[in-house]
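Here the structure comes first, spelled out in structure tokens, and everything after it is commentary.
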Amino acid sequence: MSAERIYIYKRYERFWHWSQALLIIAMMVTGFEVHGSYHLLGFGQAVHWHSLAAWTLLVIWAFTIFWQFTTGEWRQYLPSLQNIPAMIRFYAYGIFKGEDSPYHKTAAQKHNPLQRLTYLALLAVISPLIWGSGLLYLFYAEWGNLGLDRYLSLEWVAVAHTLGAFLITAFFFVHVYLTTTGHTVFAHIKAMITGWEEIEENSKH
């Protein structure tokens with residue numbers, strides 16, 4: 001079966017993706033240790049590396065936001081309701097029957113409608129939840145000076161941060177699973193390493 005190779009993921013995009021993935025893994029491992037789920041590094045070291053990974057990711061995100069807006073890549077994340085029923089059917093049923101995806105990515109449109117809605121939820125709900133609670137956690141000692149101690153409870157901030165962590169973890173594992181749903185198990189992962197996506201001829205519109 002022949003396939004066409006198209007250049008989908010730019011160099012910075014690939015750097016951003018893999019660095020973000022590694023930092024999120026680091027934050028999951030250290031974060032759940034801080035939470036008391038297991039003992040690996042020790043509480044102090046876990047807090048240190050968790051905070052370092054978080055600050056590093058924030059810096060990368062700042063550069064990425066700049067890159068997104070200067071290159072126009074932010075348009076890739078604009079939500080669309082087009083073909084939503086078809087995508088839901090594909091992920092719920094068709095994918096297990098070996099059917100072709102009703103959506104085929106291009107350099108101009110890399111994400112299907114469900115992915116766009118998922119990223120919107122990630123950016124609009126989950127990210128503010130986990131980053132807002134995380135920063136409040138980090139600067140807990142300053143609550144009194146800022147007057148926040150009159151309105152906030154450390155317990156509820158901890159609950160919010162833990163909820164955000166579980167949501168990010170769920171997103172991570174679903175994302176990893178979906179990387180295996182290409183025409184080969186590692187096709188999507190290979191594309192994110194090389195930048196080149198292989199599109200099967202009989203699946204193109």
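The values are calculated or read from the model by the stated rules, or taken from the named source; none is laboratory data. Please read these numbers as outputs of a predicted model, since none were measured by experiment. Backbone-built Cβ (ideal geometry, glycine too); neighbour counts: all protein chains shown.
Remarks
- Among the conditions (1) of a type outside the set (Phe, Trp, Tyr); (2) without any contact (Cβ under 8 Å) to a residue 12 or more places away in the chain; (3) in contact with a Ser or Thr (Cβ under 7 Å, 6 or more places away or on another chain), residue 46 misses just one, which is (2).
- The one condition in (1) loosely packed, with under 12 Cβ neighbours inside 10 Å; (2) in a loop (DSSP other than H, G, I, E, B); (3) of a type in the set (Lys, Arg) that residue 75 fails to fulfil: (2)
- Each residue in segment 81-119 was checked for being exposed (fewer than 14 other Cβ atoms within 10 Å of the Cβ) and among the small types (Gly, Ala, Ser), and 4 pass.
- Complete set of residues in segment 120-135 that are more than 12 Å from residue 167 (Cβ to Cβ) and either surrounded by fewer than 16 Cβ atoms within 10 Å (Cβ to Cβ) or more than 22 Å from the chain's Cα centre (by Cα) (or both): 120, 123, 124, 132, 135
- Considering (1) in contact (Cβ under 8 Å) with a residue 24 or more places away in the chain; (2) surrounded by fewer than 16 Cβ atoms within 10 Å (Cβ to Cβ); (3) aromatic (Phe, Trp, Tyr), the lone condition that residue 66 does not fulfil carries the number (1).
- Among the residues of segment 37-59, those identified as loosely packed, with under 15 Cβ neighbours inside 10 Å and modelled with pLDDT of 90 or more are 39, 40, 42, 43, 44, 45, 48, 52, 55, 58, 59.
- Boolean, residue 80 is farther than 21 Å from residue 138 by Cβ, of a type in the set (Gly, Ala, Ser) and under 19 Å from the mean Cα position of the chain (by Cα): yes
- Qualifying positions in segment 1-36 - of a type in the set (Phe, Trp, Tyr), outside any loop (DSSP other than H, G, I, E, B) and either modelled with pLDDT of 95 or more or under 24 Å from residue 191 (Cβ atoms) (or both): 7, 12, 15, 16, 18
- Test: residue in segment 1-20 that is among the small types (Gly, Ala, Ser) and free of Cβ contacts under 8 Å to residues at least 12 places away in the same chain: no
- Residue match in segment 106-123 (condition: assigned to a helix (DSSP H, G or I) and of a type in the set (S, T, N, Q)): yes
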